[in-house]
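Everything below concerns the one structure shown next.
The values are calculated or read from the model by the stated rules, or taken from the named source; none is laboratory data. Since we're looking at a predicted model, the values are computed, not measured. Note that we place each Cβ from the backbone using ideal geometry, even for glycine, and neighbour counts take in every protein chain shown.
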Amino acid sequence: MSTIRIVAGTGRGPTAMASYDTALADAGVHNYNLVSVSSMIPAGSDIERHDTAPDLGPVGERLTVVEARATVEARAGDGAASVTGSAASDDVEPADAAVATAGLGWSVAEAGRGIFYEASGVDPASVRETVTTGLAAGRDLREWSFDDEAIVIETADRTADEDDSGRFVTAIVLAVYGESEPIL
């Protein structure tokens with residue numbers, strides 16, 4: 001049986017990429033090359049929630065993931081935010097409070113097969129609703145009998161930082177498939 005580990009993290013940094021790298025470190029996967037896949041859970045999979053990923057192999061190897069990611073930058077002068085990320089909603093507007101929110105949900109059917117759905121934005125309730133709606137739509141596309149559903153929401157608040165070294169924040173939730181594999 002194959003294991004899919006669900007991990008989450010938050011990060012802060014002077015650039016969007018630096019905050020993303022810090023969030024990956026918080027989740028324990030910063031030393032791998034991530035390869036994103038769509039959102040199918042293979043039959044026979046076992047899904048486990050972890051605070052951080054265990055050692056999954058040598059540094060630099062390929063790690064297959066489904067990723068929900070949101071990065072927020074506070075705009076200078078007005079305290080508003082702009083959001084970028086995987087599965088970001090097209091209707092995300094700048095917000096007064098900069099809260100990066102990433103959400104990943106899954107629904108499992110017989111034999112362990114199932115679907116993931118990811119979303120990102122600035123409002124945790126909206127992200128949760130988007131994930132719930134997406135999972136329902138994904139179940140409707142399949143003639144499977146689903147037994148289980150779970151959702152993980154991760155948020156990172158953009159708070160004042162005098163030297164602005166942390167003006168970007170990132171929230172991630174990842175479904176990590178198995179162990180790493182050589183990339184070369």
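Regarding the stretch 10-33, can at least one residue be identified that is under 21 Å from GLY134 (Cα atoms) and either touching a helix residue (DSSP H, G or I) at 6+ places or on another chain (Cβ under 8 Å) or surrounded by fewer than 17 Cβ atoms within 10 Å (Cβ to Cβ) (or both)?
The initial filter retains those residues of the stretch 10-33 that are under 21 Å from GLY134 (Cα atoms), namely none.
The answer is no, given that none of the residues of the stretch 10-33 is under 21 Å from GLY134 (Cα atoms) and either touching a helix residue (DSSP H, G or I) at 6+ places or on another chain (Cβ under 8 Å) or surrounded by fewer than 17 Cβ atoms within 10 Å (Cβ to Cβ) (or both).
Of the residues making up the stretch 5-20, just one is within 13 Å of the chain's Cα centre (by Cα) and assigned to a helix (DSSP H, G or I), namely TYR20. Whenever a residue of the stretch 26-39 is within 10 Å of SER180 (Cβ to Cβ), its partners that are aliphatic (A, V, I, L, M) and exposed (fewer than 15 other Cβ atoms within 10 Å of the Cβ), lying with C-beta atoms within less than 6 angstrom and at least six residues away or across chains, give the pairs ASN31/VAL59; ASN33/ILE183.
Between GLU143, GLU154, GLU149, the distinction of being outside any helix (DSSP H, G or I) and under 19 Å from VAL176 (Cβ atoms) belongs to GLU154 only. Exactly one residue among PHE168, PHE116, PHE146 is surrounded by fewer than 20 Cβ atoms within 10 Å (Cβ to Cβ), aromatic (Phe, Trp, Tyr), modelled with pLDDT of 90 or more and in contact with a Gly (Cβ under 9 Å, 6 or more places away or on another chain), and that residue is PHE146. Looking for something under 15 Å from ALA175 (Cβ atoms), outside any strand (DSSP E or B), at pLDDT 95 or above and within 13 Å of the chain's Cα centre (by Cα) - is there at least one such residue anywhere in the stretch 29-36? Among the residues of the stretch 29-36, at least one is under 15 Å from ALA175 (Cβ atoms), outside any strand (DSSP E or B), at pLDDT 95 or above and within 13 Å of the chain's Cα centre (by Cα), which makes the answer yes. Yes or no: SER126 modelled with pLDDT of 95 or more, within 23 Å of SER36 (Cβ to Cβ) and part of a helix (DSSP H, G or I)? Yes. Residues that are of a type in the set (Gly, Ala, Ser) and more than 21 Å from SER36 (Cα to Cα) within the stretch 138-156 comprise SER145, ALA156, listed in sequence order.
Pairing each residue of the stretch 100-120 that is touching a residue at least 40 places away in the same chain (Cβ under 8 Å) and closer than 18 Å to SER36 by Cβ with any residue that is buried (at least 24 other Cβ atoms within 10 Å of the Cβ) and basic (Lys, Arg), provided the two are 6+ apart or on different chains, yields C-beta distances under 8 Å for ALA102/ARG69; SER120/ARG69. From the list GLU61, GLU48, the lone residue that is farther than 24 Å from GLY138 by Cβ, over 13 Å from the mean Cα position of the chain (by Cα) and of a type in the set (Asp, Glu) is GLU61.
Tell me yes or no: at least one residue of the stretch 105-118 is among the basic types (Lys, Arg) and either within 15 Å of ASP157 (Cβ to Cβ) or in contact with a Ser or Thr (Cβ under 8 Å, 6 or more places away or on another chain) (or both). Within the stretch 105-118, one or more residues are among the basic types (Lys, Arg) and either within 15 Å of ASP157 (Cβ to Cβ) or in contact with a Ser or Thr (Cβ under 8 Å, 6 or more places away or on another chain) (or both).
Could you look through the stretch 1-37, keep only residues that are among the charged types (D, E, K, R) and in contact with a His (Cβ under 7 Å, 6 or more places away or on another chain), and pick out the one that is farthest from ALA100 (Cα to Cα)?
Our first condition is that a residue be among the charged types (D, E, K, R); within the stretch 1-37, this holds for 5, 12, 21, 26.
Now restrict to residues that are in contact with a His (Cβ under 7 Å, 6 or more places away or on another chain): 5, 21.
Values: ARG5: 22, ASP21: 15 Å.
Looking at residues that are among the charged types (D, E, K, R) and in contact with a His (Cβ under 7 Å, 6 or more places away or on another chain), I get ARG5.
Here the condition is being on the phi < 0 side of the Ramachandran plot and part of a helix (DSSP H, G or I); of LEU63, LEU24, it holds for LEU24 alone.
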